[in-house]
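Heads up: the structure comes next, in structure tokens.
The values are calculated or read from the model by the stated rules, or taken from the named source; none is laboratory data. Since we're looking at a predicted model, the values are computed, not measured. Cβ placement follows ideal geometry from the backbone for every residue including glycine, while neighbour counts extend to all protein chains displayed. Accessible surface is based on the protein model in full, side chains and every heavy atom, while ligands, DNA and RNA are left aside. Shrake-Rupley method; radii C 1.70, N 1.55, O 1.52, S 1.80 Å.
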Amino acid sequence: LALAMFAEELGGSAARKRQEQARARRRQLKQKKQEKKAGAPTSATRSNAQATNVSETSDSVTSDFSSLQAAPNAKSVSKALISDGGPTSSSQPSAVALALQERKKRNQQKLLCTSAIKIQSCFRRYRSNIQLHKREGDLFDKRMSDLVTLRSILEQAGKGDYVPPPATSSALATQMLFLAHRAPHQRNEIQQQTVRGPSDDGNRGFASGINDMLVLSQENGDRVASLINCVLLPGLLSDDDNMDPFLPWMQSESGRLRVERLLRLVLAYWADPQVTVPDKTATTIEHFFRAVLGVPAREECKTKKARNIVVQFCRKYLLKDRTCDFSSFGIVQMTRTLLLYGTAGSPLPPNAEKLREKCVSSQDRARAVRAFTLLLDTVMGLSDESLQSQFVSFFLTVPLLTWKVSSPIISEMTSGTLETPPSFVVLLRAFIEQNRTALSLGQLVTLLPSRDVPLTTCPAPGILCLLANLVQMGQLCTHLNGSDVSKLDFDSASMYFNLLSTVIDVVPLGAFSSRQSAVEWVSLGGTHHTPIVLSSVVIDQCKTLVLDSYVRQLFRCAIDDEAFKTDDILELKNEKDLKHEKELLDIGTASAASLAAKEAMIDRSKSFWQTSKWAKKLSQSVTSLLSGDSSKGSDQRRGNIGPKGSGKLLNTSSVSRHLAR
């Protein structure tokens, strides 16, 4: 009864009727406006539309009232009320659809507003970072300018060099690290992936590795040079321990981290192939590295040695590459990267066969020589066999090493005296001692780095480059090449040629082929292989080993006339020897055609065994010995031979011994 009363009240509600009439009037007004814009509809059409709308409205109200009356319970009535959307028209969307459209518009506006806020915040952050870097850079340059002015005033007054206190050095070093730090928005996609974790591709390390988070600009390079000259070196080499900034840095974790980041920054400017460094900056960095590594300075670099605690820490950080691991970057790996990709832009320049040594520019060669010399002095000064062995595996496998490094350095490595062997010999001896087991098992290839130089980039495997560099440098070494018998070291030469024989066993088969090109098959993962044509330039360097003049020189040095008594034998020549010499001279002057004609005219029907009495006697004794028809003495001589019979084999070794007697 209550439901019926509620439905009856809704059906006869005057307020609801007024709402429907208002809706109809609004639709009519909207339709009139549309008709005015179109300019086409007539008054009859409008009246028909009004009548249609009124009828539709009344029908809708009637249908709503009937549905409510037919509802059996309250639940069905509520459903009918919820489903009611008011009067609808086939030409206009419903109220639910309009609400959805409005909601989408509001969400779109909210999204646009949020995106604009994010873009504005990113831009403000970017601009603030740029302005902060500019202010810090200007402040650093002003402070360094003041230090330079102060040093010049003290030098003119004759009061010596100015040494900044450790607090000033710490502040300037921290400021320099801030200026050289690469912000996240300055990194590209590859660098961001590398910062997050190590890359699986070993070929990526040499390209960007150390400068992923560093801004290696020319301006920062000048700042690093001024920081080393005016701040770090004066305190590092000062006689007063209290003025050395590295000593308090060694006492704390943050200080040691600061030293590591400074070494990383300086190393990036020293050996990164993507950075161009002026000669003045390179000289300053060389002074710094020789000081912190404790390397004896050369004539042009009068640098003192830092304190032992600083030297030990810096050696531990810079010389940490004791294996072929490319995940960590030290001075050994970075110098190898410089020799590979900092000279001519690639490990094996494409124009190397045409230009030969000129394929490497003088500027690139000078930088490579500077880095190579520093590392060579460090390795030879430490006398560490493991480090010397690593030097051989890392640098003697660089393609065209003798072209990328100047001739004076190669001559220095291959020259020495009997008391002091050349550094080339010392390095090879350490390499053999450290890897004797692997060399004996034929596992030489596993000792050489190969991940940073794939064959698809450099068509010369590491083992082939090792052979080429060994041959080229061994040919120049007076202790090995036999050019001077008084300087030849037979033990070192034996060690060298034994190593060469081990390397030759594992080089590609086409290295010593007479063909113009050789092919090596490379695995691209799984069972798929692709052919790579080996570099003809590297193969030509390997073939120097079998060069006629080089081989003659070696044999001439190896033959000892005193041991063989060649001169004494030549002095006792008889008529038969003179006759043979004359025949040899005649043969030497005759042509090949005449010798062939004489050989063809010789009667071959009568052999040596038929004309010589000695040969006849020897052949008869051999025949009787094997047939068993010889005399009693022959039976005694072959007493060791078993009786003949079916299935019995002669003891030919005993027969050979009897014939030898």
- Message: How far apart, in nanometres, would the label points at E412 and D241 be if each is projected 7 angstrom from Cα along the Cα-to-Cβ direction?
- Response: 3.4
- Note on the structure: Over 27 Å (Cα to Cα) among K316/K487; K320/K404; K304/K487; K280/K358 -> K316/K487; K304/K487
- Item | Cα-based Rg / Dmax (Å) for the stretch 534-588 | 18.6, 56
- Using alpha-carbon coordinates alone, the radius of gyration and Dmax of the stretch 231-303 in Å work out to 13.3, 39
- Linear extension gain, R451 paired with S362, 0.36 nm per residue minus alpha-carbon span: 29.2 nm
- Item | Cut-off under 5 Å, modelled amide H: who pairs with H181 long-range | V215
- R23/N129 FRET efficiency (R0 45 Å; Cβ-Cβ; nearest 0.05): 0.15
- Task: Once you have the Cα-Cα distance between D491 and H528, take 0.36 nm times their residue separation minus that, and quote the gain in nm to one decimal.
- Result: 8.8 nm
- Which percent of the accessible area of the stretch 364-404 is formed by carbon and sulfur heavy atoms (probe 1.4 angstrom)? 47
- Query: Given 5 Å bins starting at zero, what is the percent of C-alpha pairs of the stretch 368-485 in each, up to the one with the largest pair distance?
  - Reply: 2, 11, 20, 25, 22, 14, 6, 1, 0
- Between K110 and R298, Cβ-based FRET efficiency (R0 60 Å, step 0.05) works out to 0.30
- Task: Enumerate the amide H contacts of A297 below 5 Å, restricted to partners 5 or more residues apart or on another chain; note that Pro and chain-start residues carry no placed amide H.
- Result: T303
- Message: If I model a spin label at T283 and A38 as a point 7 Å from the Cα along the Cα→Cβ vector, what separation in nanometres do I get?
- Response: 9.1
- Mind ranking 102-109, 466-473, 513-520 by how tightly packed they are, going by the mean number of other C-beta atoms within 10 angstrom, highest first? 466-473, 513-520, 102-109
- Message: Once the convex hull of the alpha carbons of the stretch 104-166 is built, what does its volume come to per residue, in cubic angstrom?
- Response: 59
- Note on the structure: Carbon/sulfur accessible area of the stretch 207-289, % of total, 1.4 Å probe, equals 48
